[in-house]
Amino acid sequence: MALTRLLISNFRNISQADLFLDAGVNLFCGVNGSGKTSVLEAVHMLATGRSFRSRQHKSVIQHDQPGLTVFTQLDTGLNLGVERLANGSGRVRINQAAAESSSQLASCLPLQLINSDSFSALDGGPGVRRRLLDWTVFHVEHLFAQEWKNYQIALKQRNALLRRGKIDADAIGIWEHQLAQSGERVDSLRQGQFHELRAAVTALLVGLPLSLLHKVDISYRRGWRKEVELAEAFRESREGDLSQGHTRTGPHRADLRFTVAGEPAHNVLSRGQQKMLVCAVRTAMAQLVCRHREKPVFLVDDLPAELDEYNQQIFAHWVGRCASQVLVTGIEEGTTSRPWRQLDAPWNCPKVFHVEHGKISAEASAAQ
């Protein structure tokens, strides 16, 4: 799966852009603030319905413009389009038909993002790490999206009852029953993919030079005590949840733990080692999806600023085996393209775009 054409209108400082992308690597070069990261941001919106830098659509729309549009043609034959207006409205379309949810976009365009924020996974909150696992489960297990949606609906209803301060046992029991049913299924799907993800990450890390990365262990915490069923956990926590006004146990509290000899990995590993661990996790996620569907697209924002040249080369090699296409940004063309040019075709012939003040121009192909 790959983007063949990308149209951007009124997206941050990009007034208009009509780009024809190659399979393999597409490199966007320019100084900071030129708009190169905005290209990745626009693609991310096509896959998720939102920017990765802001949840406020209005802040992404170009100043004094009523709205933005992003459109792409995929080599699968699908067309995806997103329109966001300053008044808060907008449209999401797949092959000109209205999409029901952003999850439909995600299903059409599996996407992996590597940027500076990606490396906060180890020392960030549980939700950050939980979403890593859920991305994998979503793209592999077709039942997951609906079960997670059902769980969220029931969770919202239980929390609403808890906030009232006085609850009817029968009323909350109905929602706890639905929560437990969907929650157990969500957990089962997560656990199945977690074991595969841990094995894939470990295989990548042991291929690196000997270091503390070889001692990294990954564990899954499901969000409630192992020795009880979820329905019982909800009943046990009901009184405490009532005092807090929200549900404190369940799959929405699940977490992935990264440790070295029992210590949190971010307290033991160097910053560079932490970044390689996150890159290994992201790569392993893509590898698992490849076994069940088409390869995802990778968005890589200014990798030379995050990894040294040796580790850039390793990461590029990993990505070359599990990505359908890569969009990469960097300040200097030679430095940014070097890891990719050392790979086999089609990765070793990046298509280069120069970005300046929101204007994007394609460089003539090196093969010409």
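The values are calculated or read from the model by the stated rules, or taken from the named source; none is laboratory data. Note that the structure is predicted; figures quoted are calculated from it, not measured. So basically every Cβ, Gly included, is an ideal-geometry build from the backbone, and we count neighbours across all protein chains shown. The area values use the complete protein model at the heavy-atom level, side chains included, leaving out ligands, DNA and RNA. Shrake-Rupley method; radii C 1.70, N 1.55, O 1.52, S 1.80 Å.
Odds and ends about this structure:
- Residue selected from the stretch 216-230 under the condition under 25 Å from Lys149 (Cα atoms) and surrounded by fewer than 14 Cβ atoms within 10 Å (Cβ to Cβ), by the criterion modelled with the lowest pLDDT: Lys226
- Only one of Arg50, Arg84, Arg93 that is closer than 19 Å to Asp117 by Cα and either open to solvent by 50 Å² or more (accessible area, probe 1.4 Å) or without any contact (Cβ under 8 Å) to a residue 60 or more places away in the chain (or both): Arg50
- Against the test of being in contact with a Lys or Arg (Cβ under 7 Å, 6 or more places away or on another chain), open to solvent by 70 Å² or more (accessible area, probe 1.4 Å), farther than 22 Å from Leu40 by Cα and of a type in the set (Gly, Ala, Ser), the options Ala261, Ala233, Ala345 yield a single qualifying residue, Ala261.
- In summary, Gly358 fulfils each of the numbered conditions (1) touching a Lys or Arg at 6+ places or on another chain (Cβ under 8 Å); (2) surrounded by 21 or more Cβ atoms within 10 Å (Cβ to Cβ); (3) modelled with pLDDT under 95 with the single exception of condition (2).
- Members of the stretch 150-197 that are more than 16 Å from Thr247 (Cβ to Cβ), open to solvent by 60 Å² or more (accessible area, probe 1.4 Å) and modelled with pLDDT of 95 or more: Arg185, Ser188, Gln191, His195, Glu196
Results for (1) in contact with a strand residue (DSSP E or B) (Cβ under 6 Å, 6 or more places away or on another chain); (2) at pLDDT 95 or above, shown as yes or no for each residue.
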{"site": "Arg248", "(1), (2)": "no, yes"}
{"site": "Arg271", "(1), (2)": "no, no"}
{"site": "Arg293", "(1), (2)": "no, no"}
{"site": "Gln325", "(1), (2)": "yes, yes"}
{"site": "Leu343", "(1), (2)": "no, no"}
{"site": "Val352", "(1), (2)": "yes, yes"}
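- Test: residue in the stretch 198-215 that is open to solvent by 80 Å² or more (accessible area, probe 1.4 Å), in contact (Cβ under 8 Å) with a residue 40 or more places away in the chain and either part of a loop (DSSP other than H, G, I, E, B) or of a type in the set (D, E, K, R) (or both): yes
- Of the residues making up the stretch 10-19, those that are touching a Gly at 6+ places or on another chain (Cβ under 7 Å), at negative phi and of a type outside the set (Gly, Ala, Ser) number 2.
- Each residue in the stretch 89-114 was checked for being in a loop (DSSP other than H, G, I, E, B) and either among the hydroxyl-bearing types (Ser, Thr, Tyr) or within 15 Å of Ile8 (Cα to Cα) (or both), and 2 of them qualify.
- Of the residues examined, Ser118 is one that is buried (at least 20 other Cβ atoms within 10 Å of the Cβ) and not aromatic (Phe, Trp, Tyr).
- Scanning the stretch 327-342 for residues that are over 13 Å from Val31 (Cβ atoms) and open to solvent by 70 Å² or more (accessible area, probe 1.4 Å) returns Arg338, Arg341, Gln342.
- Of the residues in the stretch 20-36, not one is buried (at least 18 other Cβ atoms within 10 Å of the Cβ), at positive phi and basic (Lys, Arg).
- Filter result (open to solvent by 40 Å² or more (accessible area, probe 1.4 Å) and either under 16 Å from Glu83 (Cβ atoms) or touching a helix residue (DSSP H, G or I) at 6+ places or on another chain (Cβ under 7 Å) (or both)) within the stretch 1-12: Leu7, Arg12
- Positions within the stretch 124-149 being open to solvent by less than 60 Å² (accessible area, probe 1.4 Å) and of a type in the set (A, V, I, L, M, F, W, C), in sequence order: Val128, Leu132, Leu133, Trp135, Val137, Phe138, Val140, Phe144, Ala145, Trp148
- Qualifying residue in the stretch 78-88 (condition: of a type in the set (D, E, K, R) and part of a helix (DSSP H, G or I)): no
- Apart from one condition, Gln287 fits all of (1) modelled with pLDDT under 95; (2) out of contact with any Ser or Thr (no Cβ under 6 Å at 6 or more places or on another chain); (3) open to solvent by 40 Å² or more (accessible area, probe 1.4 Å); the exception is (1).
- Residue in the stretch 126-138 that is assigned to a loop (DSSP other than H, G, I, E, B), more than 12 Å from the chain's Cα centre (by Cα) and in contact (Cβ under 8 Å) with a residue 12 or more places away in the chain present: no
- The selection criterion, being surrounded by 16 or more Cβ atoms within 10 Å (Cβ to Cβ) and closer than 18 Å to Phe353 by Cα, does not hold for Cys108.
- Among residues of the stretch 218-254 being polar (S, T, N, Q) and in a loop (DSSP other than H, G, I, E, B), the one that is farthest from Arg129 (Cα to Cα) is Thr247.
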